[in-house]
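The values are calculated or read from the model by the stated rules, or taken from the named source; none is laboratory data. What you are looking at is a predicted structure, and each value in this text was computed from that prediction instead of being measured. Every residue, glycine as well, gets a Cβ built from its backbone with ideal geometry; the counts of neighbours run over all protein chains shown.
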Amino acid sequence: MGNNAAAVPNDEGFKDFHEVAAFPDAEALVGVTIAKRWELVELLAKSPQDSGGIFGVGYRAHDLKDGVDRFVKVVDYRRKLEDPIRLVELLQEARFEVAAHKACLRMTKVVRMVDHGMLTFRKTEDDALYSFLCLVQELGDGDIKTHVDYMPNQGVPWKLWVLREVALAARQMENANLAHNDIKPSNVIRFESKDVRRPVKLGDVGRIVTKAGGGPHDQKEWAGDPRHKPIEVLYGWYEPEWTNRSTAADAYMLGNLICFLFVGASLTERIVSSLPAQYQPGKNLMYRDVLDVVRHTWNTVLAEQVLPNLPGEIREKLGNIIRWLTEPDPVVRGEPSARRAGTIGLDRIASHLERLALQAQMQERLQRKAS
Amino acid sequence: MNRLLPTRRLIPRWRKAKFSINQPDMLGMVRASTSKATVAAPSDDVDRELHAWKRTGAVGALADVLAFGVDPQQHERLAEAARAAIVSEDSTPTMRLVAQEILESGSSKSDVWQKPLDARQSVQVLRALLRNAPDDVIALVDLAQHHLAHGKRQAVERALGAALQLSPDSVHVIRAITRYWVHVGEEDKAHAFIKRTSRLAVDPWLMASEIAIAQVVRAPSTQLKKAQRAILSKTFSDRNVSELAAAVGGAELYQGNLKQARKLFRLALERPNDNVLAQAITNQSFLGIEVDDQVLRRAPMGGIFEGRSLQALVRADFQEAARLTGCWAEEEPFSSRPRTLQSFVCGALGEYEQSLAAAETGLTADPKDVSLRGNKAYALASLGRLKEAEDELVLIECHDDGSHQSFTAATKGMLAILRGDFERGRFLYETALAQFKSKKQNEPYTDCLAFMARTMTLAQAPRFEADVARAVAHYEKEPSQAALVILRALAQQVKDMSEEPTRKTVQWEWDVETNTLREKRELTRKGAPGFVVATQTPRLKA
């Protein structure tokens, strides 16, 4: 593999050419330096920062300029050449992911893209070209799934800070008229920090939806992983108003994340499995017609399976937050007083979570002192 | 002892949610969505998450894998993770519950809808649910039912009013309110209420209720003609048309159009709910349609206790009827109807403690029910608590509008006999029998003779053998199920005479030539067998 011949950064991102004797696989790029700056040093095993959106291969890269390690996602879209329709979709999604990252550049609670561009290999013998799309992002320390534990009353402040950060990330997106719509444990990325209060950022913006309506996912029915989707989405319910449809979905997924962190289960899974078979999603039922049954199931599941597993001191307050966020009717979902003013109130939720986190931190310190 | 129940109409049933949930009338006609949304999880995603869990061994990764349990198609692939979650010390109780459900794919361990609770626990649970989510309409309606079982009308109206505000188009709520007004004897209000509901014209379950209640209040139905047209043009699916067809059938029966009524009930029994089954069994003598196990099996599981109780009663299986009426009473705790039957059946069986308990529970819900009080008096007298029985009879005389005079006279006769005053006892029994005869109440007449024979036998009254012989002789002319049970208990050889030939809704036909079995879904002639061999029609020669 030859040295990089040129690195041309512009609005479209860098364009980096390498002379090679044979095209390498996307999984065999360790040692390559992209745009004279990022040296790919380790292939990440199906990286947690790569669990959704457009699928690619993840690498840990060393930034030769500032010495910081980065995450590089290499997308080998040419592999899809045999399926032209999927190829076009993939290219659109890739372009959109880049655009989405650009839109989120100023968001402090969302994983940032450092640069992007094309990594192109040129065969020396016949000048044939083979390109990979590269997205250079902040490198996290894995997702929260590897960090969470369910021992009673363990890591309560950390969990609450995580939730507060995710709530703020969703709020930042809401401010930019965007919604993440894919908040789930594998998209909450941890960053090395001694401060328990700044532990995570929200990653994978490939599936965001926009209020303006220009994104590839704006009019689409949600496809893929059903585990963390809001209940109304599983029934194919399309709420006409954007906030009630998209920001409310983010709110639900935040509520679901609370259940995951404290109970070890997805509320969506619990509700669907507890519904009578004839009213479960996938039976072409109008969501509004089965809402009463869904609400009773949701209420019972919360009362019997979720709330008893929350830490005693914060059970009531955290239980209320879960209720507000996972309310089955997206039109009334959210913090009640904010709802009366017409918003979901993610900022208020973040404040509630922060207060609870501080309270839990204080209690933990007192307990440590006492022991 | 009596089982005089008000004439059964097809008024909407109001069961607890756990019984209603499997019945099609719970939500009425649910509109179909055009969306293709499913809970199917892409296999690649499952593989990736399973790989991540195996690589890290983290309990968080395991919890995330178990969340794929939302898609039943994936349960087999999740079995390894589920087993790991069950044995892992790091798992939460909810994770173990999810894992168990995955391993026993298809059966929910959480029992959100089927939790067996007694009334007190059930109220506690409902109150807790409503504290957490005051807009849980189903919990509100269930709580209203508990209030009604304790006669708290104000609380019932408050709860049902709140439910209606929250979910004004809910068929479950509308039918519960309608049933409530009928239950408290304000049928006009029920009719006026259901006529006002916006969903009436589009929902067959509400149309059926309106037709049935219009019949009760003897007012013209606003929906009858529309319903007849809808049935003719097959506007609604079989699942949704059942109760509507039975309601229209009931109206035809009321007009004396037996043939048309029979046709409509046959349609209703294609996919019946419990209400339709019970109505068909009640009208069996007019319609002559046999509601056998094959028909009962077509109804959704659970909540068919009324139909099964009535069926057990018809075939004189009182042990089973006693058990089933108990289940039926649990379904509708506010209704005195199942308790009346239960106390009667237990009384006929000689299980007086159970009979007394059933009557007392029923009286909590409806203290003015004279039939129940009569059964209570009978049970008390049989248990030797003669003074208390007498007090009950005094109360009955205060409330009675005259329709229960003969039953009261019979119970008084029993009391006199148990006190040793045989002549007065016999006189009172004869008075009761004369009243039954003058009112042409044949079945109560036969029952009364059997009860009298039992009392005389137990008291070893003079000429008690003659009383028994008289009861047997009359039973053979005018059979009744209760008399059959009592006389058999008195060691009499009596035949079950109550079986009349009926029509079947399904007949199986075996074609010998092609060796095929065909299900014929049409009304047969009376007494037709369930299985026939097809007869070949002779071919015309060219």
Consider residue B:255 carefully, then state whether it is modelled with pLDDT under 90 and crowded, with 20+ Cβ neighbours inside 10 Å. no
If I ask for residues that are crowded, with 22+ Cβ neighbours inside 10 Å and farther than 25 Å from residue A:284 by Cβ, which ones from the stretch B:53-77 would you list? B:53, B:59, B:60, B:61, B:62, B:63, B:64, B:65, B:66
Subset of the stretch A:209-250 that is surrounded by fewer than 17 Cβ atoms within 10 Å (Cβ to Cβ) and closer than 18 Å to residue A:269 by Cα - its residue that is farthest from the other protein chains (Cβ to nearest Cβ): A:223
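Restricting to the stretch A:136-151, and then to whatever is among the β-branched types (Val, Ile, Thr) and either crowded, with 24+ Cβ neighbours inside 10 Å or in a loop (DSSP other than H, G, I, E, B) (or both), can you tell me which residue is nearest to the other protein chains (Cβ to nearest Cβ)? Reasoning before the result, please.
Filtering the stretch A:136-151 down to residues among the β-branched types (Val, Ile, Thr) leaves A:136, A:144, A:146, A:148.
Imposing the further condition that a residue be either crowded, with 24+ Cβ neighbours inside 10 Å or in a loop (DSSP other than H, G, I, E, B) (or both) reduces the set to A:136, A:144, A:148.
Working: A:136: 23, A:144: 7, A:148: 4 Å.
Once the filter is applied, the top-ranked residue is A:148.
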Do we find that residue B:310 is under 22 Å from residue B:443 (Cβ atoms) and either in a helix (DSSP H, G or I) or in contact with a Pro (Cβ under 9 Å, 6 or more places away or on another chain) (or both) in this structure? yes
When residue A:331 is evaluated against the numbered criteria (1) assigned to a loop (DSSP other than H, G, I, E, B); (2) over 16 Å from residue B:166 (Cβ atoms); (3) β-branched (Val, Ile, Thr), which criterion, by number, is the only one it fails? (2)
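Only one of A:97, A:27 is part of a helix (DSSP H, G or I) and either at pLDDT below 90 or within 14 Å of chain B (Cβ to nearest Cβ) (or both). Can you tell me which?
Values: A:27 fails: part of a helix (DSSP H, G or I).
Residue meeting the stated conditions: A:97.
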Any chance residue A:155 is without any contact (Cβ under 8 Å) to a residue 40 or more places away in the chain and within 14 Å of chain B (Cβ to nearest Cβ): yes
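Given the options A:133, A:160, A:119, name the one that is within 23 Å of residue A:250 (Cα to Cα) and either within 14 Å of chain B (Cβ to nearest Cβ) or outside any loop (DSSP other than H, G, I, E, B) (or both).
Numbers: A:133 fails: within 23 Å of residue A:250 (Cα to Cα); A:119 fails: within 23 Å of residue A:250 (Cα to Cα).
Unique residue meeting the criteria: A:160.
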Note on the stretch B:24-65: residues in a helix (DSSP H, G or I), within 7 Å of chain A (Cβ to nearest Cβ), in contact (Cβ under 8 Å) with a residue 24 or more places away in the chain and touching a helix residue (DSSP H, G or I) at 6+ places or on another chain (Cβ under 7 Å) are B:63
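Any idea which residue in the stretch A:251-307 is surrounded by the fewest Cβ atoms within 10 Å (Cβ to Cβ), counting only those that are polar (S, T, N, Q) and more than 7 Å from every other protein chain (Cβ to nearest Cβ)? Explain how you work it out, then say what you get.
The initial filter retains those residues of the stretch A:251-307 that are polar (S, T, N, Q), namely A:256, A:266, A:268, A:273-274, A:278, A:280, A:284, A:297, A:299-300, A:305.
Applying the additional criterion that residues be more than 7 Å from every other protein chain (Cβ to nearest Cβ) yields A:256, A:278, A:280.
Details: A:256: 28, A:278: 16, A:280: 20.
Ranking the qualifying residues of the stretch A:251-307, first place goes to A:278.
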I'm trying to understand the selection: among the residues of the stretch B:120-140, which are within 9 Å of chain A (Cβ to nearest Cβ) and touching a residue at least 12 places away in the same chain (Cβ under 8 Å)? B:130, B:135, B:137, B:138, B:139
Checking residue A:70 against (1) at pLDDT below 90; (2) crowded, with 18+ Cβ neighbours inside 10 Å, which single condition isn't satisfied? (1)
If residue A:305 satisfies all but one of (1) in a helix (DSSP H, G or I); (2) touching a residue at least 60 places away in the same chain (Cβ under 8 Å), what's the number of the condition it fails? (2)
